[in-house]
Each structure stands twice: as C-alpha cells, then as structure tokens.
Amino acid sequence: GGTAQINLLIDAKGKKGLRDLKFIQALEEFEKSLMHYKHPEREDKIVTSISSILEIIRETNQSLHNDDPNYYRIPDSDRALSDILFVFENTAPEDLRRLTTADLSRSLMTIQLHWLPCTSYKPLTKYLKNYIDNHLKDFATIQPTGIVYSMLSTLGTLSVDLFKSFGLALFIITILMVLLLQDIKLGLVSLIPNLVPITMVLGIMYLADIPLNLTNILLGSIAIGL
C-alpha cells in the first residue's frame with residue numbers, strides 16, 4: 001500500500017502503559033486522523049495503511065465475540081482491554097513482541113505512505129508534531145523516525161552543503177577570472193554567464209513546482225563545475 005514509511009516509537013507515561021483505555025482510545029483517534037489526512041498541495045490522502053497494537057486489540061476483541069464484525073473495535077473498559085492483551089499475550093506472544101515490549105509500556109506504530117518527493121512530506125511531519133504535542137504528550141513520549149525522516153534529514157544536510165559549495169566555487173571562480181583577465185570589473189562581469197543558467201533553472205523549477213531533491217542537487221553541483 002505504499003513505499004515510504006514513518007515509524008512512531010511510543011513510550012507510555014502511565015503505570016498502566018498500553019493497558020490504559022484512555023491512552024488506547026487517544027491512539028485510535030490519532031490513527032483515524034492520519035488515515036483522513038490530506039496533503040495540502042496534492043489534496044489527496046497519502047497515508048495508505050497503519051500497523052500498530054490497535055489492530056491486535058480490535059481483532060482479538062472480535063475473535064472473543066465469535067468473530068462478530070460489530071466487535072472489531074476497542075473495548076469499553078480497562079478490564080476488557082487487559083483481558084484482551086492477556087489473551088493475545090498467551091496465544092501469540094511472538095506477534096505481540098513485534099509491536100510492544102514485554103511490560104507493555106512501549107510500542108511501535110508504522111505508517112505506510114505513498115511515495116512522494118521527500119520535501120513533500122514536510123507538511124505531514126509538521127502535522128504529526130502538532131497533533132502529538134496537542135493531544136498525546138500527556139499519555140506518552142512519541143519519537144518519529146523512519147525513512148521519511150532520514151530522507152528529510154539527508155536532504156537538509158545536502159542543501160546546506162550545496163549552498164556552501166556554490167558560494168566557495170563562485171568565490172574561487174571570481175578570483176581566477178580576475179587573475180586571468182587582470183581586471184576586477186571584467187572578472188565580476190564574467191560571473192554572469194556562470195550564474196544566469198543556474199538562476200534560470202532554479203526559477204523554472206519554482207514556477208513548474210519541481211521540488212529540490214537528491215538528484216537535482218547533485219546535478220546542480222555538476223552544472224556549476226562545467
């Protein structure tokens with residue numbers, strides 16, 4: 001259902017951990033909000049599926065009620081929630097350990113996304129941070145990670161390095177042209193054919209809504225070298 005991933009490492013604050021019904025209900029509301037999240041530019045849903053302990057709780061609750069589809073939901077009481085987790089822990093402990101720690105204090109939520117240029121995920125990461133800070137910080141400490149955050153971090157580092165290298169290259173080119181032409185004014189004028197193509201390409205990228213990504217950052221470095 002998607003090729004990009006965000007993983008949320010969830011560390012519950014309360015003594016009950018994942019046995020706290022209010023926390024589980026808050027997580028479910030978070031899950032629903034993500035499934036209905038629409039990208040502000042694309043105006044469509046980019047979250048394709050979410051895997052978490054919520055699935056286990058809903059599926060086990062349904063199984064305990066003769067597979068009645070009406071019971072594919074979070075139970076209504078802390079006791080029922082504890083019973084569900086106890087049953088699943090004793091019948092499929094290995095499956096449970098893929099999503100939680102042994103004491104049920106920590107868990108993992110995996111969000112599958114449509115593949116987009118990495119800068120297009122910034123609105124979603126901001127949405128995640130705001131939602132967690134406003135609705136979940138009292139229940140748990142949640143640390144986002146995964147390929148999306150790795151790409152954004154890498155792109156940010158490369159962008160800074162690119163502008164630094166552009167500045168250094170232009171400085172060196174200016175010095176060399178002044179020395180070759182033996183005239184400061186002519187040396188500065190000679191920068192125009194170096195800067196115009198790059199400026200035009202960046203302008204066209206902006207007008208055509210082409211995001212800056214790893215590929216065109218590397219091509220930019222090659223272009224200024226040529």
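Points to keep in mind about this one:
- Segments 195-206, 43-54 sorted - mean Cβ within 10 Å per residue, highest first: 43-54, 195-206
- Charge tally for H65 (other residues, Cβ to Cβ under 13 Å; Lys, Arg +1; Asp, Glu -1): -3.
- Placing +1 on each Lys and Arg Cβ and -1 on each Asp and Glu Cβ, with no other charges, gives the range 1-144 a dipole about its Cα centre of roughly 560 debye.
- Convex hull of alpha carbon positions in the range 1-121: directionally averaged projected area 8.4 nm².
- Helices of the chain meeting both criteria, an alpha-carbon length of 24 angstrom or more along the long axis and an average Kyte-Doolittle score not below -0.5, with helices taken as full DSSP H segments, are 147-181.
- The relative contact order of the chain, computed from alpha carbon pairs under 8 Å that lie at least 6 residues apart in sequence, is 29 percent.
- Coordinate range along principal axes, alpha carbons of the chain, Å, largest first: 87, 32, 30
- Modelled FRET efficiency - R0 35 Å, I222 with A102, Cβ distances, 0.05 increments: 0.10
- Counted by Cβ distance under 14 Å from I132, the other residues give a net charge of -1, where Lys and Arg count +1 and Asp and Glu count -1.
- Most positive-pole-ward Cα, M151, Q182, Y127, against dipole of the chain from beta carbon charges: Q182
- Angstrom value of the Kirkwood radius, inverse mean 1/r, which spans all Cα pairs in the range 120-160: 11.3 Å
- Dividing the mean sequence gap of close Cα pairs (under 8 Å, 6+ apart) by how many residues the range 51-135 holds gives a relative contact order of 28 percent.
- A full extension of the chain between S51 and T215 corresponds to an added length of 55.9 nm, given 0.36 nm per residue minus the alpha carbon distance.
- Relative contact order for the range 165-226, counting Cα pairs under 8 Å that sit 6 or more residues apart, in percent: 30 percent
- For K122, the lysines whose Cα comes closer than 17 Å to its Cα, not counting residues fewer than 8 places off in the same chain, are K38, K45.
- Cα centroid separation, the range 1-45 to the range 57-109 (Å): 17 Å
- The reciprocal of the average 1/r between distinct C-alpha atoms defines the Kirkwood hydrodynamic radius, which for the range 139-191 equals 14.1 Å.
- Computed [θ] at 222 nm, deg cm²/dmol, the chain (DSSP H ≥ 4; -39,500 (n - 2.57); rounded to nearest 500): -17500 deg cm²/dmol
- Simple spin-label estimate for Q62 and N134 in nanometres, 7 Å along Cα-Cβ: 3.1 nm
Read-outs: derived from the displayed coordinates by stated rules, not from any lab. Keep in mind that what you see is a predicted model, and the values were worked out from it rather than measured. All Cβ positions, even for glycine, are placed from backbone atoms using ideal geometry, and neighbour counts span all protein chains on display.
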